[in-house]
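All remarks here apply to the structure that follows.
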Amino acid sequence: MSEKIDKREWRRRSRRGFLALGGAGVLGALGLTWIYTRGGMGQQPWPLRSVLRANERLWRTVYGPGRLGEGPEAPAKGTPYRVNGDIGLLDELDPGEWSLAVSTPGTGRGNATLTMADLGRMPQTETTELFRCIEGWSMPIAYSGVRFSDFLAATGAGAREGGPKDLSRAALYPYVGFATPDGEYYVSLDMESALHPKTLLATGINGVPLSDEHGAPLRLIVPVKYGIKSLKRIGRIFFADERPPDYWAEQGYDWYAGL
């Protein structure tokens with residue numbers, strides 16, 4: 001008798017579990033359907049994009065110039081490093097014909113066309129960082145070039161109309177955009193990340209000049225972001241009050257892309 005009762009109880013609980021599991025599956029499917037039928041924000045439903053923006057707000061609260069601290073040990077000169085991505089690099093480029101267009105809204109303050117010789121006259125720095133790819137791999141790389149903050153101080157770019165050549169947030173536009181010479185690849189940064197002391201306009205990697213496949217003659221390095229923000233072969237830099245276009249954000253990736 002007891003065995004029969006136990007079997008009936010087992011069947012009853014099994015049916016209840018099956019119904020609960022089925023109900024959870026239906027609710028999950030309905031929830032996903034609701035999310036993916038909402039209006040899009042940059043190729044992504046707004047509920048998911050809102051989660052990314054909440055994550056951005058969280059990281060902004062812990063942001064600081066000392067973030068990342070000391071980098072890893074510098075690799076030996078000429079150490080090979082991984083090649084990843086060729087968007088914006090498909091056209092041949094004569095280094096002697098390369099120039100960097102810099103534009104700031106307003107009266108023309110900070111607008112210029114610069115050469116590698118111009119960049120060479122700015123303060124030079126070196127840093128070793130762990131390059132982190134959004135695909136999941138990372139590796140230590142030594143970079144050399146001009147800090148972006150030094151670049152702004154030297155050129156006056158990024159300052160609002162009539163503003164001084166200082167690096168206070170009130171004096172600068174809140175966003176900066178970068179693009180390859182052909183315009184095929186483009187990224188944008190919040191000014192806080194651009195001003196980080198390790199954000200670099202890099203001309204060399206691991207003790208040697210940049211190669212074409214790594215963005216020669218000038219690329220961006222932003223250690224507080226994933227590698228999708230470190231644009232190769234910079235041809236244009238510009239500033240704005242609103243977020244400029246960003247290649248991967250338009251494909252549905254996180255715009256902030258912070259570590």
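Read-outs: derived from the displayed coordinates by stated rules, not from any lab. No experiment lies behind these values; they were computed from the predicted model shown. Note: ideal-geometry Cβ built from the backbone for every residue, glycine included; neighbour counts use all protein chains shown.
Some points to look at:
- Placing a label point 7 Å from the Cα of residue 115 along the Cα-to-Cβ direction, the residues of the range 216-250 whose backbone N falls under 18 Å of that point are 217-218, 235-236.
- Amide proton proximity set for residue 204, modelled H, under 5 Å, gap of 5+: 144, 210
- Gained length - residue 251 relative to residue 137, 0.36 nm times residue gap less alpha-carbon distance: 39.0 nm
- Burial ordering of 131, 151, fewest other beta-carbon atoms within 10 Å first: 131, 151
- Amide proton proximity set for residue 257, modelled H, under 5 Å, gap of 5+: none
- Cα→Cβ-extended label distance, 7 Å offset, between residue 161 and residue 182, nm: 3.7
- Summing charges over neighbours of residue 182, with a neighbour being any other residue whose Cβ is under 10 Å away from its Cβ, gives -1 when K and R count +1 and D and E count -1.
- Global geometry of the range 136-201, whether rounded, prolate or oblate, following the gyration tensor of its Cα atoms and the 1.5 cut on a/c: prolate
- For 221, 237, order by how many other beta-carbon atoms lie within 10 Å, fewest first: 221, 237
- Phi-based couplings in Hz for the range 243-259 (Karplus 6.51, -1.76, 1.60; Gly and Pro marked x): 4, x, x, 9, 4, 7, 4, 5, 8, x, 6, 5, 5, 5, 6, x, 8
- Derived scalar couplings between HN and Hα for the range 121-131 equal 8, 8, x, 9, 9, 10, 8, 10, 9, 8, 6 Hz in order, rounded to whole Hz, by the Karplus curve 6.51 cos²θ - 1.76 cosθ + 1.60 (θ = phi - 60°), x for Gly and Pro.
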